[in-house]
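Here's the structure we're looking at; comments come further down.
The values are calculated or read from the model by the stated rules, or taken from the named source; none is laboratory data. Everything numeric in this text was worked out from a predicted model, so none of it was measured. Glycine also receives a Cβ, built like all others from the backbone with ideal geometry; neighbour counts cover every protein chain displayed.
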Amino acid sequence: MTAPPASAVRRMTGADAPAVGELLALSFPDKLRAMLPRRRASAAFLLGDVMLDSGDVWVADDGGIAGVICFQDAGRPWSTHSDWRTLRRYLPLGEAFRAAAFMTVFHAASFPADELYIDTVAVRPAWRRRGVGDALMRFAEAEARRRRRRSLCLYCIRRNTGAHALYLRHGYRVVRSEDLWWCSFVLGFRITDMMRKVLEPA
């Protein structure tokens with residue numbers, strides 16, 4: 001198989017939700033276990049619907065969903081980072097509160113109005129090291145320019161050396177590091193790096 005070209009990146013549709021959810025479940029198993037410890041069977045369907053609800057999700061498609069990237073185009077109140085109706089459709093009240101808390105902590109971010117924030121990047125394991133991540137990052141830069149943003153930013157777990165290398169290769173630099181000490185008990189990591197790429201004039 002060959003990697004999809006940048007032109008194969010398109011906006012997510014409702015029909016993509018199951019495949020996107022499955023991809024996220026495969027890509028973030030530790031987070032999934034902590035957020036939905038008793039709902040592994042239905043987790044992919046929930047995650048796919050949550051991503052669809054976010055409204056700014058794009059997929060790398062080569063006859064199947066090979067990768068996904070999600071943007072936040074403007075700052076949002078912390079309380080809007082989980083779709084409560086979607087969570088309640090899948091989860092009882094207590095589990096919905098737990099999932100909402102995780103989603104708020106991991107997806108709420110503060111960034112300037114002239115910056116495009118990359119909330120999530122994931123590549124299906126079978127497609128890694130085939131250029132899908134590069135295609136998604138090229139698309140992100142093109143999309144930031146289309147939206148007239150001056151920079152892009154994202155967070156990357158320090159120990160995720162593969163993702164770090166991808167972002168560094170595309171011109172992102174670490175601007176600050178955060179010690180999320182509580183994550184060491186819940187998810188097994190502590191340090192996350194905020195990375196930014198300032199766009200040169202076209």
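Scanning region 23-58 for residues that are of a type outside the set (A, V, I, L, M), in contact (Cβ under 8 Å) with a residue 40 or more places away in the chain and either assigned to a helix (DSSP H, G or I) or more than 16 Å from residue 69 (Cα to Cα) (or both) turns up 27, 30, 31, 38, 39, 42, 45, 49, 54. When region 47-71 is filtered for residues that are of a type in the set (D, E, K, R), in contact with an Asp or Glu (Cβ under 9 Å, 6 or more places away or on another chain) and over 22 Å from residue 109 (Cα atoms), only 61 remains. When restricted to residues that are among the charged types (D, E, K, R), surrounded by 17 or more Cβ atoms within 10 Å (Cβ to Cβ) and either part of a loop (DSSP other than H, G, I, E, B) or in contact with a Pro (Cβ under 6 Å, 6 or more places away or on another chain) (or both), region 139-184 contains 1.
Filtered by the rule that a residue be surrounded by fewer than 22 Cβ atoms within 10 Å (Cβ to Cβ), farther than 20 Å from residue 105 by Cα and at pLDDT 80 or above, region 18-44 gives 18, 19, 22, 26. Here the condition is being at pLDDT 85 or above and within 25 Å of residue 134 (Cα to Cα); of 73, 56, 62, it holds for 56 alone. Considering only residues in region 109-138 that are crowded, with 17+ Cβ neighbours inside 10 Å and small (Gly, Ala, Ser), the one that is nearest to residue 51 (Cα to Cα) turns out to be 122.
Selection of region 103-139 for residues being at pLDDT below 90, within 17 Å of residue 31 (Cβ to Cβ) and of a type in the set (Ser, Thr, Tyr) yields only 104. In region 63-75, the residues that are part of a loop (DSSP other than H, G, I, E, B) reach residues that are at pLDDT below 90 and not small (Gly, Ala, Ser) with C-beta atoms within less than 8 angstrom, at least six apart or across chains, in these pairs: 75/111. Selection of first residues in region 94-113 that are among the β-branched types (Val, Ile, Thr) and of second residues that are surrounded by fewer than 17 Cβ atoms within 10 Å (Cβ to Cβ), restricted to Cβ pairs under 6 Å at least 6 apart or on distinct chains, gives the following pairs, ordered by first then second residue: 104/78. Taken across region 79-102, residues that are outside any helix (DSSP H, G or I), over 21 Å from residue 192 (Cα atoms), of a type in the set (A, V, I, L, M) and at pLDDT 90 or above do not occur at all.
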